[in-house]
1. Relative to the longest principal axis of the chain, what angle (0 to 90°, nearest 10) does the C-alpha long axis of helix 159-177 take?
2. Please list, ordered by chain and number, the residues whose modelled amide H lies under 5 Å from the amide H of THR182; skip anything fewer than 5 residues away on the same chain.
3. What is the dipole size for the chain, taken about its Cα centre, with +1 at each Lys and Arg Cβ and -1 at each Asp and Glu Cβ, in debye to the nearest 20?
4. Let me check against my output: what whole-number percent is the relative contact order of segment 92-158, with C-alpha pairs under 8 Å and at least 6 apart?
5. Please arrange LEU32, LEU100 by accessible surface area, largest first, computed with a 1.4 Å probe and ligands excluded.
6. At 222 nm, what value in deg cm²/dmol follows for the chain if DSSP H runs of at least 4 each add -39500 (n - 2.57) and the sum is divided by all its residues, to the nearest 500?
7. Quote the FRET efficiency, to the nearest 0.05, computed for LYS411 versus GLU195 with a Förster distance R0 of 60 Å and r equal to the Cβ-Cβ distance.
8. Looking at ILE323, LEU162, PRO45, which one has the Cα that reaches farthest to the positive end of the dipole of the chain (charges on Cβ: Lys, Arg +1; Asp, Glu -1)?
Amino acid sequence: RLVHLDLKGAAPRLQYLEQVLPLLRALGATGLLLEYEDTFPYTGPLELLQAPHAYSPAELQALLSQARAQGLDVVPLLPFPLQFVLKHREFAHLREVKALPNALNPHKEESVALVKAMIDQVMALHEDLQWFHIGCDEVYCLGEGEESKQWLQQQNNTPEKLCLSHIKAVATCLAWSYPMVTPIVWDDMLRGMSEETLAESGVPQLVQPMIWDYATDINVEGKVQLIEKYRRCGFSKVWFASAFKGATGVNQSLTLIGHHVRNQLEWLQVARRSPADVLEGIALTGWQRYDHFSVLCELLPVAIPSLAVCLQALKNGGYSEKIKENVENLLGMPNLEIDTFMSPSLGTFPGSNILTLVTQISFHLKSSVDELLERNRYVTGWFSPYHRKRKIIHPIVIHHFQPDAVRLFSKWTAVVQDLQAAMEQVFHRCAIEEWMEENVHPSLQKLQEVLDDLNE
């Protein structure tokens with residue numbers, strides 16, 4: 001049971017992760033799937049890939065050492081097709097389509113050299129790895145570059161074969177240098193391919209596919225048939241991937257636990273109907289962004305209750321009141337909500353104060369500001385955009401809503417300051433700024449502008 005930590009947005013500080021690891025172990029995790037992206041401490045020509053808040057080699061070694069101490073296997077994830085690399089001008093010449101940083105050009109030797117250099121640097125900081133996830137999902141532009149178009153015009157060449165040769169090249173980079181490490185790939189590019197195409201490619205002997213589906217109504221029978229197809233093609237083992245957060249809305253700020261628990265229960269059904277020796281494990285994904293360029297979705301501390309219930313459901317083969325009570329005890333939360341968003345009651349787990357404050361803001365900030373500015377008759381009738389533009393107001397009207405606006409502004413400013421202080425313990429400034437600009441500033445700025453206009 002791997003917990004996926006998606007570090008391509010709001011990457012937590014090392015101190016926070018060190019607090020969370022023992023909890024993950026207690027809840028039933030047996031490993032971590034670490035998607036570093038731009039938080040890995042690349043060196044040499046790759047150093048420019050580092051975000052300003054990237055982990056240092058010492059921090060990363062401390063995290064991996066702490067994971068080992070907790071008995072957690074670590075599986076690094078390098079997200080080929082490498083949007084975070086191809087966005088840089090220095091690597092733009094390796095794009096499959098010149099204008100889009102979506103896929104690596106598979107025909108250039110330099111592309112393979114880049115893949116190998118990145119794998120080597122990640123491997124150098126990890127000991128005793130059994131698996132290495134090489135991504136290979138959603139490679140939408142593959143086949144659209146000029147060299148690929150020429151390749152596809154040759155007899156018997158198809159987009160599927162191009163995709164498989166790309167996966168094979170990346171997996172071979174790993175296999176040649178690190179024969180004891182098994183590559184894992186996301187399976188979405190493989191699902192629709194024929195058994196014959198897959199079997200002939202040689203890919204099934206090199207990688208293990210990770211079948212992902214984050215819905216509450218998985219086609220269980222379809223998944224069982226897909227597993228059988230993969231086995232017939234020559235794949236020795238398969239993985240499942242569920243989700244504990246980051247799969248219900250691109251800019252979602254709160255996690256609906258019920259959705260994610262039902263997703264785990266569906267996967268348990270697939271597991272029960274699959275051959276016992278085929279399943280290697282399951283990764284509980286926790287996406288922090290839908291891709292490298294999208295906004296942040298639920299922050300890790302906000303989703304800890306969801307992760308807790310999901311892990312416990314998988315560990316115990318189902319969900320029950322007893323499991324709910326166990327999670328409540330482990331998180332120090334008196335009443336866990338499953339089918340509605342959490343009520344803002346504080347827990348004792350690391351970062352629980354962030355969950356409380358984010359819940360308060362998500363539920364009430366925008367609605368309270370809109371109530372005053374869009375539904376208060378004095379604002380809409382005597383202080384409309386027309387009045388504000390011309391600086392006209394009847395003085396007596398000011399007293400009907402200015403005190404409410406001041407009160408509301410000071411109340412939310414205090415809440416936001418508390419959240420900022422709580423987030424500083426867990427996140428770097430860039431993540432805090434982004435979250436505030438997306439979720440707080442639009443409403444607070446509207447209120448501030450009204451107060452400024454009134455003062456003027």
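1. 80 degrees
2. Excluding prolines and chain starts, which carry no amide H, the hits are TRP131, PHE132.
3. On the way: 39 positive and 54 negative charges, 120 e Å.
For this selection, approximately 580 debye.
4. Numbers: 49 pairs, mean separation 23.7, N = 67.
After rounding, I find 35 percent.
5. Values: LEU32 0, LEU100 70 Å².
Correct descending sequence by accessible area is LEU100, LEU32.
6. Values: 17 runs with 230 residues, N = 456.
Roughly -16000 deg cm²/dmol at 222 nm, from the helical runs in the chain.
7. Values: r = 62 Å, r/R0 = 1.04.
FRET efficiency, LYS411 to GLU195: 0.45.
8. ILE323
The values are calculated or read from the model by the stated rules, or taken from the named source; none is laboratory data. This is a predicted model, so every value here is computed, not measured. Methodologically, a virtual Cβ is constructed for each residue, glycine included, from the backbone with ideal geometry; neighbour enumeration extends over all protein chains shown. Side chains included, ligands, DNA and RNA excluded: accessible areas come from the protein's heavy atoms. Shrake-Rupley method; radii C 1.70, N 1.55, O 1.52, S 1.80 Å.
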